[in-house]
C-alpha cells in the first residue's frame, strides 16, 4: 500500500513539474523574444541558444543575456548592446542592425566601414596564429577565447584576459620594471611561444593589443592591479 502511495506521489509530482516547465517555456519564450531589438524575428530562440528551437546550451550572446540582461530586469540594456558577445569585431547592436547573429562569430555584418572592428578581427586572427612562435602553440592555447585553461606556466597561474588590459601598465617582477600590455604580449610570444618579439609600433602588435584590449570593454581601469 505504501509502495502504491509513493508511486502515486511521484507521478503527481512529475506531472506538476512537467506542467510548470511547459508553462514556463510557452510563456517565457515570446516574452524574451519581444525584448530583443529585432523581436526575435531573425533567429528566434536560436538568438540565445545553440538549438534554434530553444532550451539547452546557450551561445555566447545567450550567456551574456543571462549574466547581464537577466540581472537588469530581463532587458536588452546598453551594457549588453555595446558588447561583442561572439568576438567577431562587431558589437551586438551592430549585429542586430545588420540582421546578423550576435552569438555566432561566423555571422558578420558586411559592408560596414569600422576600422576598429577590422583591426580587432586581425588581432583575433594573430591571437590564434601558431606561427607567432615555434612551439606550435598560439595565445589561444593558454587563453581559449580570451579566458584561461586554468593551468600554470612558468610557475604562475594562467590568468584570464577578460579584464586584464584594464590593469596595465603594471610592474612585472620577471621584467623588473613597469610594462605595457604590448610589452606583456611580447613576453608571452618570446618566452612562452619561443617566437620573435613584434615591434611595439608594428601593425601586428597594434592589432594583437587592440584585440586583447577589447576583451576588457566595460571593465573599470585598475592600473597596476594583479601580478
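What follows draws every value from the coordinates through simple rules; no lab data is involved. All of these numbers come straight from a predicted model, not from anything done at the bench. Quick reminder, even Gly has a Cβ in these numbers, built from the backbone with ideal geometry, and neighbours come from all protein chains shown.
Taking the Cβ of each residue in 177, 58, 75 as the centre, tally the other Cβ atoms inside 10 Å and list the residues starting with the fewest.
Numbers: 177 10, 58 16, 75 13.
So the residues, fewest neighbours to most, are 177, 75, 58.
Quick check: residue separation of residue 187 and residue 155 times 0.36 nm, minus the Cα distance between them. What number comes out in nm? Could you put the intermediate results ahead of the total?
Working: separation 32, 0.36 × 32 = 11.52 nm, distance 1.50 nm.
Contour length minus the Cα-Cα distance gives 10.0 nm.
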Once Rh for the range 116-214 is found with the Kirkwood sum over Cα pairs, what is the Stokes-Einstein diffusion coefficient at 10 °C and 1.306 mPa s, in µm²/s? 117
Tilt, helix 203-214 to longest principal axis of the chain (alpha-carbon atoms), in degrees rounded to tens, equals 40
In nm, to one decimal, how far is the residue 82 label point from the residue 180 one, both placed 7 Å along Cα→Cβ? 2.3
Can you tell me the FRET efficiency between residue 51 and residue 130 if r is taken as the Cβ-Cβ distance and R0 is 30 Å, rounded to the nearest 0.05? 0.40
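Counting alpha carbon pairs within less than 8 Å and at least 6 residues apart, what relative contact order, in whole percent, applies to the range 146-227?
Details: 98 pairs, mean separation 31.1, N = 82.
Relative contact order comes out at 38 percent.
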Just one of (1) 7, 27, 27, 19, 11, 6, 3, 1, 0; (2) 8, 35, 40, 15, 1; (3) 7, 29, 33, 22, 7, 2, 0 is P(r) over Cα pairs in 10 Å bins from 0, in percent as worked out from the coordinates here. Which one is it? (1)
Taking Cα centroids, how far is the range 155-198 from the range 78-123 in Å? 27
Neighbour-count order for 223, 77, 212, fewest beta carbons within 10 angstrom listed first: 223, 77, 212
Return the single residue from 50, 173, 147 with maximal mean-square fluctuation; model: Gaussian network over the chain, springs between Cα atoms under 10 Å. 173
If one takes the longest principal axis of the Cα atoms in the chain, at what angle in degrees, from 0 to 90 and to the nearest 10, does the Cα axis of helix 115-127 lie? 80
Computed over the chain: longest principal axis from alpha-carbon atoms vs helix 2-33 long axis, angle to nearest 10 degrees, is 60
